[in-house]
Amino acid sequence: MQVFDSINTFRTDLDAGRAGGASVGFVPTMGYLHAGHITLVQRAAAECDIVVVSIFVNPLQFAANEDLASYPRDLDRDLELVAGAGATHVFAPSVSEMYPTEVLTTVRVAELSDPMEGAARPTHFAGVATVVAKLFSVVGPCRAYFGEKDFQQLAVVRRMAADLSMPVEVVGCPTVREPDGLAMSSRNVYLDGDQRLAALVIHRALQAGAAAIVAGERSGTQVRNLMAGIISAEPTAVLDYVEVADPDTLAPVDDLAAGQELRLLAAAQVGRPRLLDNIGVTVPSES
């Protein structure tokens, strides 16, 4: 496994590999990797000849009051994990390598970026889209693997790549969970024992929403109220939002129709970290 910190050297190496007929799989990360990241690397290794992992804590996606300075980092551990998962190339640039001058160009995906996470963190998705666009430019033609845990991010990246005709196939991969259902996240490290138990309420609320739909509930508002009530009943959790949305546009859905694909999403603050989760559900046909 080769480790690069120079854009030019890294880009040249990948271009040479493609010229020799190799396919490239790409897993962008901010490091402090968990089993969810590793499944992305393993899938890329199963489907592609060259497997690239980027490790870069992107300052553009953190607001002034967020946890950039304290975001967990352990590069040596990350390198060991991805090597074992099949990575052939790691790109771990410095901030000055990625942003040698003030960034005057940003990428914004309108509408998809505005609700939910965008409402809570107005500059977040511009930072995400900008760094991912830059990474796609550096890596070049590839398949890029993203977890569905950050579902809105996946939708934003997918639309950006399509709108800008990027030579990248964006591949969504299922959320990886702890045995008790908690979605894996680098921020879970901030949870103490009681908060760790309280955090399970988010997935429990999503499951209850999906079960209500399967049982016959056809009002998006009622499903939202059900999920919000479950999370709000947990004293340790501070509800941010719940949503019943179209999985492609992220537009809220109020009248649920048979056969319709939906995405249920939720976010809540539990102690220090703000946790996200989501699940998909298909509205069953009327019996």
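Restricting attention to segment 248-257, which residues are crowded, with 18+ Cβ neighbours inside 10 Å and in contact (Cβ under 8 Å) with a residue 40 or more places away in the chain? Matches in segment 248-257: 250, 256.
A quick yes/no check of all residues on (1) touching a residue at least 40 places away in the same chain (Cβ under 8 Å); (2) over 30 Å from residue 12 (Cβ atoms); (3) not in a loop (DSSP other than H, G, I, E, B):
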position: 60; (1), (2), (3): yes, no, yes
position: 70; (1), (2), (3): no, yes, no
position: 78; (1), (2), (3): yes, no, yes
position: 81; (1), (2), (3): yes, no, yes
position: 87; (1), (2), (3): yes, no, no
position: 90; (1), (2), (3): yes, no, yes
position: 104; (1), (2), (3): no, no, no
position: 112; (1), (2), (3): yes, yes, no
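Within segment 130-154, the set of residues being part of a helix (DSSP H, G or I) and under 12 Å from the mean Cα position of the chain (by Cα) comprises 132, 148, 149, 150, 151, 152, 153, 154. Can you list residue pairs whose Cβ atoms sit under 7 Å apart, with the first residue in segment 13-31 being assigned by TED's automatic domain parsing to the domain that holds residue 135 and within 11 Å of residue 145 (Cα to Cα) and the second being at pLDDT 95 or above and acidic (Asp, Glu)? Count only pairs 6 or more apart in sequence or on different chains. Taking only residues 6 or more apart or on different chains, the pairs are 25/47. The condition (being in contact with a Cys (Cβ under 7 Å, 6 or more places away or on another chain), modelled with pLDDT of 95 or more and of a type outside the set (Val, Ile, Thr)) is satisfied by just one residue among 11, 43: 43.
Got a sec? Which of 222, 260, 269, 195 is in contact with a Leu (Cβ under 9 Å, 6 or more places away or on another chain) and surrounded by fewer than 20 Cβ atoms within 10 Å (Cβ to Cβ)? Outline the logic, then answer.
Values: 222 fails: in contact with a Leu (Cβ under 9 Å, 6 or more places away or on another chain); 260 fails: in contact with a Leu (Cβ under 9 Å, 6 or more places away or on another chain); 195 fails: in contact with a Leu (Cβ under 9 Å, 6 or more places away or on another chain).
Going through 222, 260, 269, 195 in turn, just one is in contact with a Leu (Cβ under 9 Å, 6 or more places away or on another chain) and surrounded by fewer than 20 Cβ atoms within 10 Å (Cβ to Cβ): 269.
When residue 189 is tested against (1) at pLDDT 95 or above; (2) assigned to a helix (DSSP H, G or I); (3) within 28 Å of residue 268 (Cα to Cα); (4) of a type outside the set (D, E, K, R), just one condition goes unmet, and that condition is (1). Is at least one residue of segment 167-181 on the phi < 0 side of the Ramachandran plot, in a helix (DSSP H, G or I) and β-branched (Val, Ile, Thr)? No, segment 167-181 contains no residue that is on the phi < 0 side of the Ramachandran plot, in a helix (DSSP H, G or I) and β-branched (Val, Ile, Thr).
Taken across segment 113-129, residues that are closer than 18 Å to residue 53 by Cα, at pLDDT 95 or above, assigned by TED's automatic domain parsing to the domain that holds residue 25 and surrounded by fewer than 22 Cβ atoms within 10 Å (Cβ to Cβ) do not occur at all.
Would you mind stating whether residue 269 is more than 20 Å from the chain's Cα centre (by Cα) and polar (S, T, N, Q)? Explain how you work it out, then say what you get.
Values: more than 20 Å from the chain's Cα centre (by Cα): no; polar (S, T, N, Q): yes.
It is false that residue 269 is more than 20 Å from the chain's Cα centre (by Cα) and polar (S, T, N, Q).
Taking every residue in segment 262-274 that is farther than 14 Å from residue 150 by Cα and pairing it with any residue that is assigned to a strand (DSSP E or B) and of a type in the set (D, E, K, R), at least 6 positions away or on another chain, the pairs with Cβ-Cβ distances below 9 Å are 269/240. Scanning segment 275-287 for residues that are in contact (Cβ under 8 Å) with a residue 12 or more places away in the chain and part of a loop (DSSP other than H, G, I, E, B) returns 283, 284, 285, 286.
When residue 52 is tested against the conditions (1) closer than 13 Å to residue 186 by Cβ; (2) aliphatic (A, V, I, L, M); (3) assigned to a strand (DSSP E or B), the lone failure is (1).
The values are calculated or read from the model by the stated rules, or taken from the named source; none is laboratory data. This one's a predicted model, so the numbers in the text were calculated from it and none came from an experiment. Every residue, glycine among them, receives a Cβ derived from its backbone with ideal geometry; neighbour counts consider all protein chains shown.
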